[in-house]
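Participant: Would you mind keeping the following structure in view while I ask a few things?
The values are calculated or read from the model by the stated rules, or taken from the named source; none is laboratory data. This one's a predicted model, so the numbers in the text were calculated from it and none came from an experiment. Quick reminder, even Gly has a Cβ in these numbers, built from the backbone with ideal geometry, and neighbours come from all protein chains shown. Ligands, DNA and RNA are excluded from the accessible area calculation, which covers all protein heavy atoms including side chains. Shrake-Rupley method; radii C 1.70, N 1.55, O 1.52, S 1.80 Å.
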Amino acid sequence: MIQSIDRAMLIIEAMSDSKKEKWLVAELAEKTGLPISTVYRLLQSLEAHDLVTQHQHTKHYELGYKWVEIGLKKYEKLDVRQVAKPILEALAREVEETVYLNAPKDEASIIIDRIDSPRNVRIIDSIGERIPMHIGAANKSMLAYTPLRETEALLQQLIQDDEERTALLQQLRGIKRKGFAISRGEKTKGTLAVGAPIIDFEGKVLAAISIEALETQTTEDQLNLFIDKVTAAADQISSAMGQTHEEDAH
């Protein structure tokens, strides 16, 4: 790989992964371990392409708006999101809870859409948030339909304890038989989520949808309703993405 690109990405990752928004050149050099002269030169190149901006009075750098433009272009090209949008909106109206669309990315999933609950008290996770793949109903539903070899390799990275990893693999087999996953307080304490995968015509997992609610406010009847509605919505989106009835694993 080209060294200058690798080094530029170190700078971008440092600026984006931290809660700190504005950086001096020396701070970025310390964070990345790169020479100050190298950081300064790369920042000038990044600034020329609007990937970073500098405040003239303070000399601080921050990420530029070009990332928003790039992100939105990529966001709009996510076909599954466009297909899913009206179905998610209908689902959120029916169940009156927050509904999420997650897409897998390496060892995590990314929230690529969210329809908020009409309730005053609701759980909100941000669009763009990354969630480790072994956590939550949406992620587990995707893992259950991922080829076993890939799932095992991924869990080797995410879970160090052999017994915990074996237990999760057994849980995933049950999820695949049922066609949905339920999680309780795995990401946010006091919440309950029901998720189901979206699968394309090749049997590949594209995404997952989930309903998230407060566990103390969810009755058994409501939970059964969530299961029915989320699996039906996932099947509808999968069909729209080209999956035939014979390929449907739910």
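Participant: Does residue 99 satisfy the condition of being closer than 30 Å to residue 201 by Cα, open to solvent by less than 90 Å² (accessible area, probe 1.4 Å), touching a Leu at 6+ places or on another chain (Cβ under 6 Å) and of a type outside the set (S, T, N, Q)?
Facilitator: Numbers: closer than 30 Å to residue 201 by Cα: yes; open to solvent by less than 90 Å² (accessible area, probe 1.4 Å): yes; touching a Leu at 6+ places or on another chain (Cβ under 6 Å): yes; of a type outside the set (S, T, N, Q): yes.
Considered against the rule, which asks whether it is closer than 30 Å to residue 201 by Cα, open to solvent by less than 90 Å² (accessible area, probe 1.4 Å), touching a Leu at 6+ places or on another chain (Cβ under 6 Å) and of a type outside the set (S, T, N, Q), residue 99 comes out as yes.
Participant: Also, quick follow-up: Which residue pairs have Cβ atoms closer than 7 Å, lie 6 or more positions apart in sequence or on different chains, and pair a first residue in region 1-16 that is part of a helix (DSSP H, G or I) with a second residue that is among the β-branched types (Val, Ile, Thr) and open to solvent by less than 80 Å² (accessible area, probe 1.4 Å)?
Facilitator: From residues that are part of a helix (DSSP H, G or I), the pairs are 7/38; 10/32; 11/32; 11/39; 14/32.
Participant: What's the number of the condition residue 201 fails, among (1) among the hydrophobic types (A, V, I, L, M, F, W, C); (2) part of a loop (DSSP other than H, G, I, E, B); (3) modelled with pLDDT of 90 or more?
Facilitator: Failed condition: (3).
Participant: Quick one: in region 211-236, which of the residues that are surrounded by fewer than 18 Cβ atoms within 10 Å (Cβ to Cβ) and not in a helix (DSSP H, G or I) is modelled with the lowest pLDDT?
Facilitator: Filtering first and then ranking leaves 214.
Participant: Considering only region 27-136, give the helices (runs of 4 or more DSSP H) lying wholly within it that have at least 2 residues that are out of contact with any helix residue (DSSP H, G or I) (no Cβ under 7 Å at 6 or more places or on another chain) and either at pLDDT below 90 or closer than 28 Å to residue 190 by Cα (or both).
Facilitator: Details: elements: 36-48, 66-76, 79-95.
In region 27-136, 66-76, 79-95 are the helices (runs of 4 or more DSSP H) which contain 2 or more residues that are out of contact with any helix residue (DSSP H, G or I) (no Cβ under 7 Å at 6 or more places or on another chain) and either at pLDDT below 90 or closer than 28 Å to residue 190 by Cα (or both).
Participant: Additional query: Considering only region 22-35, I want to know if a residue exists there that is within 11 Å of residue 62 (Cα to Cα), open to solvent by 50 Å² or more (accessible area, probe 1.4 Å) and not polar (S, T, N, Q).
Facilitator: yes
Participant: Can you tell me which residues in region 138-157 are open to solvent by less than 30 Å² (accessible area, probe 1.4 Å) and not in a loop (DSSP other than H, G, I, E, B)?
Facilitator: Just the residues of region 138-157 that are open to solvent by less than 30 Å² (accessible area, probe 1.4 Å), to begin with: 138-145, 151, 154-155.
Matches in region 138-157: 138, 139, 140, 141, 142, 143, 144, 151, 154, 155.
Participant: So how many residues does region 10-21 have that are closer than 15 Å to residue 41 by Cβ and open to solvent by 80 Å² or more (accessible area, probe 1.4 Å)?
Facilitator: 0
Participant: Same structure again: Which of (1) touching an Asp or Glu at 6+ places or on another chain (Cβ under 8 Å); (2) open to solvent by 70 Å² or more (accessible area, probe 1.4 Å); (3) hydroxyl-bearing (Ser, Thr, Tyr) is the odd one out, the single condition residue 191 does not satisfy?
Facilitator: (2)
Participant: On to the next question. Six or more apart or on different chains, Cβ atoms under 8 Å: show the pairs whose first residue is in region 203-226 and touching a residue at least 40 places away in the same chain (Cβ under 8 Å) and whose second is open to solvent by 60 Å² or more (accessible area, probe 1.4 Å).
Facilitator: Here the result reads 203/247; 211/229; 214/121, each pair linking region 203-226 to a residue that is open to solvent by 60 Å² or more (accessible area, probe 1.4 Å).
Participant: Still on this model: I'm checking my understanding of the structure. Among residues of region 158-188 that are assigned to a loop (DSSP other than H, G, I, E, B) and of a type in the set (Gly, Ala, Ser), which one is least open to solvent (accessible area, probe 1.4 Å)? Lay out the reasoning, then the answer.
Facilitator: Initially, region 158-188 is screened for residues assigned to a loop (DSSP other than H, G, I, E, B), giving 159-161, 179-180, 185-188.
With of a type in the set (Gly, Ala, Ser) added as a condition, the list becomes 179, 185.
Numbers: 179: 1, 185: 33 Å².
Step by step, filter region 158-188, then rank; the result is 179.
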